[in-house]
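The values are calculated or read from the model by the stated rules, or taken from the named source; none is laboratory data. Just so we're clear, the structure is a prediction, and the values are computed from it rather than from any experiment. Here the Cβ is made from the backbone with ideal geometry for all residues, glycine too, and neighbour counts use every protein chain on show. Heavy atoms of the whole protein, side chains included, go into the accessibility calculation; ligands, DNA and RNA do not. Shrake-Rupley method; radii C 1.70, N 1.55, O 1.52, S 1.80 Å.
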Amino acid sequence: MNNTGNLHLLLPDMAIFARVAERQSFSAAAHDLGMTPSAVSRRISHLEQAMGVRLLERTTRKLRLSDAGVSVLAHCRAMMEGARAAIEGASAYRQSPQGLVRMSVPRAFGRRVIHPLVGPFLAAYPEVSVQLVVTDRSVDPFDDAVDLIVRITDTPPDGLAARPLMKVRQVLCATPTYLAERGTPLGPEDLAAHDCLYLGERTLDNQWKFRRGGKTKVVTVRGRYVTNHSEMRLEGVLNHLGIGCLPHFVAAEAIEKGRIVPLLPEWEFEAAYKGTAYLLYPPNRYLAPKFRVFIDWLATHANEAAPLRGSPPR
């Protein structure tokens with residue numbers, strides 16, 4: 001062999017050789033390939049030189065495969081069949097959703113909003129599998145082994161496609177039992193006299209800020225139970241420990257069942273954990289069907305997973 005080091009450079013010539021052998025004619029193969037007969041002849045000569053053997057016996061009337069040509073043609077045909085299989089396989093992925101989707105979700109949002117949607121999705125798309133990575137840490141789809149990310153933010157990051165799923169807001173809630181004993185606050189200033197459950201992640205987390213129209217009020221709250229886990233705050237509220245701030249998707253089921261009561265609905269409660277839940281993923285013109293159908297499913301059904309009667313204040 002004279003030069004087979006750069007095999008990738010020989011693949012087009014091998015495809016041309018297979019077509020010439022099939023058609024037994026330079027001109028017929030050239031017509032099929034949109035080339036000139038002289039260009040086809042040069043490519044065959046280049047392949048023969050690289051392999052160090054003569055592949056075709058040329059006469060004025062016809063072409064005949066040499067013994068080496070017969071052996072090489074079998075491998076070239078196998079190469080072409082492999083290429084066809086690759087294209088057909090890619091076509092199947094373009095047309096039919098299948099394969100694994102890996103998604104990172106925050107803990108509470110994943111449990112309350114995403115998890116209830118996975119079962120119906122899997123039933124609708126039996127060839128797709130879903131892996132949820134439940135974590136509150138910041139995940140990057142380029143550095144971590146995930147395809148999709150849910151992040152709650154007002155400003156989705158640059159460099160990623162962002163599909164909004166739902167608005168996330170905080171609500172204040174308490175049980176009817178607690179309110180019967182301690183009274184129902186009629187305005188933000190009344191919260192100072194109540195036990196309140198707040199996050200405690202930052203020094204000012206007990207400074208609750210409220211907006212209504214152009215008016216802003218800030219109230220310093222106190223309480224005997226502080227936790228940055230929304231499910232635990234919900235349990236604390238359900239155990240009559242006080243008034244808790246909760247993401248609406250965490251509070252929704254208990255509110256619907258009448259176990260807790262939303263408070264001060266005419267006021268907008270300002271909190272760090274609010275904004276829009278975005279589905280983030282690397283921008284890709286050729287998005288695989290498994291991603292496309294899962295993204296569409298979540299965007300369509302996210303609000304159904306955590307309904308909350310009434311609309312937030314304007």
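A few comments on the model shown:
- By accessible area with a 1.4 Å probe, ligands and nucleic acids excluded, highest first: order of Val218, Val105: Val218, Val105
- Of the residues Ala193, Ser230, Gly258, the one whose Cα sits farthest toward the positive end of the charge dipole of the range 170-270, with +1 on the Cβ of Lys and Arg and -1 on the Cβ of Asp and Glu, is Ala193.
- Cα-projected label distance for Val53 with Val218, points at 7 Å along beta-carbon direction, nm: 8.4 nm
- Which of His115, His229 is most accessible, then next, and so on - probe 1.4 Å: His115, His229
- Given (i) 22.3, 93; (ii) 20.7, 63; (iii) 32.7, 108, the label whose value is Rg and Dmax of the Cα atoms in Å derived from this model: (iii)
- Both numbers refer to the Cα atoms of the range 186-243; Rg and Dmax are 11.8, 35 Å.
- Surrounding net charge for Val221, when Lys and Arg each add one and Asp and Glu each subtract one, Cβ distance under 10 Å: -1
- Asp143 contributes an accessible area of around 130 Å² to the protein surface, as traced by a 1.4 Å probe with all chains present.
- Kirkwood hydrodynamic radius over Cα pairs of the range 170-270, then Stokes diffusion coefficient at 37 °C and 0.692 mPa s, in µm²/s: 246 µm²/s
- Label reach from Phe142 (point 7 Å along Cα→C-beta): in the range 253-294, amide nitrogens under 12 Å belong to 282-283.
- Per-residue [θ]222 nm for the chain (sum of -39500 (n - 2.57) over DSSP H runs n ≥ 4, rounded to 500): -12500 deg cm²/dmol
- Ala180-Glu270 FRET efficiency (beta carbon distance; Förster radius 22 Å; 0.05 resolution): 0.20
- Simple label model, 7 Å out from Cα along Cβ direction - Asn206 to Asp154, nm: 2.6 nm
- Residues whose amide H falls under 5 Å from that of Val128, counting only those 5 or more places apart or on a different chain, are Gly99, with hydrogens built in the peptide plane.
- Each label was represented as a point 7 Å from its Cα along the Cα-to-Cβ direction; for Ser27 and Asn239 these points are 9.2 nm apart.
- For the chain, built as a Gaussian network whose Cα springs stay under 10 Å, the top-fluctuating residue of Glu181, Glu235, Glu256: Glu181
- Dipole moment magnitude, nearest 20 debye, the range 4-91 about Cα centre, only Lys, Arg, Asp, Glu C-beta charged: 340 debye
- Cα centroid separation, the range 237-302 to the range 148-191 (Å): 8 Å
- Annotation: extensible slack from Ser71 through Ser38 equals 9.4 nm (criterion: 0.36 nm per residue apart, minus Cα-Cα distance).
- Applying the Karplus relation 6.51 cos²θ - 1.76 cosθ + 1.60 with θ = phi - 60° to the range 68-78 yields 3J(HN,Hα) values of 5, x, 4, 5, 5, 4, 4, 6, 5, 5, 4 Hz, where x marks Gly and Pro.
- Compared with the dominant Cα axis of the chain, that is its longest principal axis, helix 115-124 is turned about 40°.
- Rounded if a/c under 1.5, otherwise prolate or oblate - the range 4-91, Cα gyration tensor axes: prolate
- Against the main long axis of the alpha-carbon atoms of the chain, helix 37-51 sits at an angle near 90°.
- The count of lysine pairs in the chain that are at least 8 places apart or cross chains, and whose C-alpha atoms lie under 30 Å apart, stands at 13.
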